[in-house]
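K.L.:
Provided herewith is a single structure, encoded as structure tokens, for subsequent inquiry.
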Amino acid sequence: MNKTVNTIGVLTSGGDAPGMNAAIRGVVRTAIAKGKKVMGIKKGYNGLIHGDIFEMQSRNVSDIIQRGGTMLYTARCEEFLKPEGQKRGADMCGVYGIDGLVIIGGDGSFQGAEKLSNLGINTIGIPGTIDLDIACTDYTIGFDTAVNTAMEAIDKIKDTSTSHERCSVVEVMGRNAGFIALWCGIVNGAEVILLPEEENPTEDEIIRDILENRKKGKRHNLIVVAEGIGGSQELAKRIETVTGIQARATVLGHLQRGGSPTAIDRMHGSMMGAYAVDLLCNGKSNRVVAYKDGKYVDYGIDEALKMQKRVNPSRIEVSRLLAK
Ligand code: ADP
Ligand code: F6P
């Protein structure tokens, strides 16, 4: 028989992502509308283990939908990787009467959710990461805002790069995934995009490409490098040494994680938050909310974690055509 959930906890875990606040708001208000009690847990699994927990009302989530970051704070928690830490987390749920838990984060956080589910707490994951690297879903909360932030930053770099007729090497986030890099590469009009998932051109090939493009009349060059490839400073130095063309590297870094979420992130955050509560109210546990082919669906965490995701090959092909 499905377990009835009366008190729903919500936490954000791993790297923050714009739109997490919309998801928290979605959880809190849907749960209250369905007559449930809601507990906010601060600082991810850290706050769960240490009882950093408070009751949330509708007004606690007023005026947050437009804010970047997460009002519940977030953390990575070493202790929760061990069975004793997970047991402490489950026990603390008991202390606060939490029988259902929504975890907003990435694959790592979902592994934690699975452990809690095995310990008797009904858990639902919501995909929140700028990296888009969760295989079961076409969308992860934060990606659109991060790409738009990076795009605007690279537009600015391009302005100065053109004035000085330089080569710009720009490194974007994404951990081991190249989704942000591929999107920026296309939307910023990069000549070269270096992705962790693909076979990339060698440094010599990149240099030949820069020289060929200059002969064709290009006044600047843009190379977008995924964090998973790295080495952007060294690449810029080599380009400058070999070609005599001034090259500058910029690592965009954490600015990509902040800022007011776009409409897309607010929408998915709100819808996924509401969907997660529906799952808990229907007695479901150990599931991840996903956006697939235009619909909100859910998968077992175990199944979701086994799935694989590739960068879209047709986007890579088009990016190369458009770079000429
Ligand atoms: P993300 O959720 O963005 O992938 P992390 O991989 O850093 O971020 O995971 C966030 C937190 O989730 C970790 O600090 C840890 O507390 C918890 N976690 C990660 N992997 C596991 C695991 N295998 N078992 C239990 N908890 C985990
Ligand atoms: O997962 C989001 C992300 O921003 C990655 O793109 C990046 O590799 C990592 O987190 C950075 O983590 P931290 O904020 O701990 O430096």
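K.L.:
Applying the Karplus parametrisation 6.51 cos²θ - 1.76 cosθ + 1.60 with θ = phi - 60° to the phi angles of region 115-131, what ³J(HN,Hα) value in whole Hz is obtained for each residue in order, glycine and proline being reported as x?
P.N.:
Per-residue couplings from phi come out as 5, 5, 4, 5, 8, x, 9, 5, 10, 9, x, 10, x, x, 6, 5, 6 Hz.
K.L.:
So for the pair Lys87, Glu303, with labels modelled 7 Å out along Cα→Cβ, what separation do we get in nm?
P.N.:
Result for the modelled spin labels: 3.2 nm.
K.L.:
Give me the Kirkwood hydrodynamic radius of region 56-199, using the inverse of the mean 1/r over all pairs of distinct Cα atoms, in Å to one decimal.
P.N.:
18.1 Å
K.L.:
Kindly provide the Kirkwood hydrodynamic radius of region 105-264 in Å, to one decimal, from all pairs of distinct alpha carbon atoms.
P.N.:
Numbers: mean 1/r = 0.0592 Å⁻¹.
Hydrodynamic radius (Kirkwood, Cα only) of region 105-264 equals 16.9 Å.
K.L.:
Enumerate the calculated ³J(HN,Hα) couplings along region 3-19 in order (Karplus 6.51 cos²θ - 1.76 cosθ + 1.60, θ = phi - 60°), each rounded to whole Hz, writing x wherever the residue is Gly or Pro.
P.N.:
Result, rounded to whole Hz: 6, 7, 9, 10, 10, 9, x, 9, 9, 10, 9, x, x, 6, 8, x, x.
K.L.:
Taking +1 at the Cβ of each Lys and Arg and -1 at the Cβ of each Asp and Glu, which of Gly178, His164, Gly189 sits farthest along the dipole of region 127-194 towards its positive end, judged by Cα position relative to the Cα centre?
P.N.:
His164
K.L.:
Right, next: Using the beta-carbon distance between Gln233 and Asn312 and R0 = 30 Å, what value does 1/(1 + (r/R0)^6) give for FRET efficiency, to the nearest 0.05? Walk me through the numbers before you get to the answer.
P.N.:
Values: r = 29 Å, r/R0 = 0.97.
The pair Gln233/Asn312 has a calculated efficiency of 0.55.
K.L.:
Follow-up question, since we're still on this one. Which distance in nm do the two modelled labels at Lys324 and Val242 give, with both placed 7 Å along the Cα-to-Cβ direction?
P.N.:
Label at Lys324, label at Val242, 2.3 nm between them.
K.L.:
Right, something else. Counting Lys and Arg as +1 and Asp and Glu as -1, what is the net charge of the other residues whose Cβ lies under 11 Å from the Cβ of Asn286?
P.N.:
Values: positive: Lys115, Lys284, Arg287; negative: Glu114, Asp298, Asp302, Glu303.
So the surrounding residues net to -1.
K.L.:
Note down the magnitude of the dipole of region 44-111 about its Cα centre, charges +1 on Lys and Arg C-beta and -1 on Asp and Glu C-beta and zero elsewhere, to the nearest 20 debye. Could the numbers behind the result be given before it?
P.N.:
Details: 6 positive and 9 negative charges, 23 e Å.
Once rounded to the nearest 20, the dipole reads 120 debye.
K.L.:
What translational diffusion coefficient, in µm²/s and rounded to a whole number, does the Stokes-Einstein relation yield for the chain at 4 °C and a viscosity of 1.567 mPa s, taking the hydrodynamic radius as the Kirkwood radius over Cα pairs? Provide the component values of the computation, followed by the final result.
P.N.:
Working: Rh = 20.7 Å.
Value of D from the Cα-based Kirkwood radius: 63 µm²/s.
K.L.:
Can I ask one more? Could you work out how far the C-alpha centroid of region 239-279 sits from that of region 113-133, in angstrom?
P.N.:
One Cα centre to the other: 22 Å.
K.L.:
Roughly how big is region 144-257's charge dipole about its Cα centre, with Cβ charges of +1 (Lys, Arg) and -1 (Asp, Glu), in debye to the nearest 20? Show your work: numbers first, answer last.
P.N.:
Details: 14 positive and 18 negative charges, 97 e Å.
Around 460 debye, computed over region 144-257.
K.L.:
Ok, one more. As I understand it, the value is the acute angle between the Cα axis of helix 143-163 and the longest principal axis of the Cα atoms of the chain; what does it come to in degrees, rounded to 10?
P.N.:
Taking the Cα atoms of the chain, the angle to 143-163 is about 20 degrees.
K.L.:
Using the alpha-carbon atoms, what tilt in degrees (0 to 90, nearest 10) does helix 203-215 show relative to the longest principal axis of the chain?
P.N.:
60 degrees
K.L.:
Looking at region 1-68 from every direction and averaging, what is the projected area of its Cα convex hull in nm²?
P.N.:
Values: hull surface 21.1 nm².
Its Cα hull, projected and averaged over all orientations, spans 5.3 nm².
Laboratory data are not the source of any read-out in this text; all were calculated from the coordinates shown. In this text the structure is predicted, and so the values were computed from the model without any measurement. Here Cβ is always computed from backbone atoms with ideal geometry, including for glycine, and neighbour counts include all displayed protein chains.
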